[in-house]
Amino acid sequence: MGRGLINKYIWIIDTLQRYGRITRNDLNRLWVDSNISGGEPLARRTFYNYRDGIADIFNVDIECDPATFEYYIKDTGEQAGKLRELLIDTASMTGMLSDVGEVSQRIVLEDVPSSRTNLPVMIQAMKQNRRVQFTYQSYTRINPTPGVVIEPYFVRLFKQLWYVVGYNVKDRKIKTYSLDRMSGTHIRKEVFTMPEGFDAEGFFHDCFGIMTSRGVAKDVVLRVDSKQAKYLRALPLHHSQREVAIHDNYSLFHFHLLLTFDFIKELLSLGSSITVVKPPELKAQLLDELRRTLALYD
């Protein structure tokens, strides 16, 4: 499939998102006036073919209201909407970067460990509700663990790495695995049934990152200097984040989450720009990590 066709799909999706509802005639007028059309109208049959392609590639359903003959994007829920936005953003960025030409040396990207081999396997296994087997190289063990078998429940992207959360058949518990540490990944014949009522979105509801805990979520209050507060407003650390007080030199942010090591590492990365107000156990954990770090320089 050519980049030009993908760009046309994205144009249609973006236009429908901007207008909400639009007739095919109005859509066609916008199409003709756009750079993507080459001045050619959007024929009815072509539009229908594009609509089918959009559904296949981006999982975006475009429907028509028979009362008004207006087309709109069907609401498929919050989580599906997030995935749709990710796919569209990725495709848009790919198309843009492929056209950079002579300025390519002036665009610097981050090095991201690739999951292009294992991610399609996991998605296919989830579609079929099949078990997956792989060898796993944990960072906490010297030797890899062969023959790991899981029932993949869902995948999650965190800090540019893909993870799969699934039921480990041998250990009889739900575990999280990083896709970039897998090898020899393949789908097995055994079929599994998803637990009734399992909520992938809610699994990490009280967590920061991909680490979970059997503990109880705590109320956390951070004192954040005025400069760092701007970053937290733009990119919240957690969905529970609330700014509860604003002063000249600092703000107070409230969270409700588990005190996992992921969260502690994130706070440490913010350095002197944040101070833990409560709870006391989080203060103690941060102080312990800081003391051990300082001891390395004695």
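Phi angles across region 202-219 convert, under the Karplus curve 6.51 cos²θ - 1.76 cosθ + 1.60 with θ = phi - 60°, into 3J(HN,Hα) values of x, 4, 9, 4, 9, 10, 9, x, 10, 8, 10, 8, 8, x, 10, 4, 10, 7 Hz, Gly and Pro given as x. Full extension of the chain segment joining Tyr139 with Thr293 gains 53.4 nm, where the gain is 0.36 nm per residue of separation less the Cα-Cα distance.
Taking a straight Cα-Cα cut-off under 26 Å and skipping sequence neighbours fewer than 8 places away in the same chain, the lysines within cross-link reach of Lys127 are Lys74, Lys82, Lys159, Lys170, Lys173, Lys175, Lys189. Legend: ranking of residues His186, His256 from fewest to most surrounding C-beta atoms inside 10 Å; resulting order His186, His256.
Sequentially through region 176-192, phi angles give Karplus couplings (6.51, -1.76, 1.60; θ = phi - 60°) of 10, 10, 7, 5, 6, 9, 9, 8, x, 6, 8, 8, 8, 7, 5, 9, 10 Hz, Gly and Pro residues having no value and appearing as x.
Under 19 Å of direct C-alpha separation, and excluding same-chain neighbours fewer than eight residues apart, Lys278 reaches these lysines: Lys218, Lys265. Farthest towards the positive end of the charge dipole of the chain, among the residues Ile6, Leu257, Gly166, is the Cα of Gly166, using unit charges on the Cβ of Lys, Arg, Asp and Glu. Taking amide hydrogens as placed 1.01 Å from N in the peptide plane, the amide H of Glu70 sits under 5 Å from those of Asp65, each at least 5 positions away in sequence or on another chain. Working from label points 7 Å from Cα in the Cα-to-Cβ sense, the Arg242 to Ser213 distance is 2.1 nm.
Estimated from helices alone, the mean residue ellipticity of the chain at 222 nm is -11500 deg cm²/dmol (sum of -39500 (n - 2.57) over DSSP H runs with n ≥ 4, per residue). Taking amide H positions as modeled 1.01 Å from N, with prolines and chain starts lacking one, the residues under 5 Å from Val60 and 5 or more places away or on another chain are Ala55. Which of [x] 23.2; [y] 22.0; [z] 19.3 is the computed Kirkwood radius over Cα pairs in Å for the structure on display? Matching the structure shown: [x]. Using only side-chain charges placed at the Cβ, +1 for Lys and Arg and -1 for Asp and Glu, the dipole size of the chain relative to its Cα centre rounds to 760 debye.
Once you reduce region 241-274 and region 146-171 to the center of their Cα atoms, the two points are 29 Å from each other.
According to the square roots a ≥ b ≥ c of the eigenvalues of the Cα gyration tensor, what is the shape class of region 218-295, taking rounded for a/c under 1.5, prolate for a/b larger than b/c otherwise, and oblate for the remainder? Since a/c reaches 1.5 and a/b is larger than b/c, the shape of region 218-295 is classed as prolate.
Throughout, read-outs are computed from the coordinates displayed, never taken from laboratory work. All values derive from a computational prediction rather than experimental measurement. Positions of Cβ are generated from backbone atoms using ideal geometry, with glycine treated the same way; all protein chains shown enter the neighbour counts.
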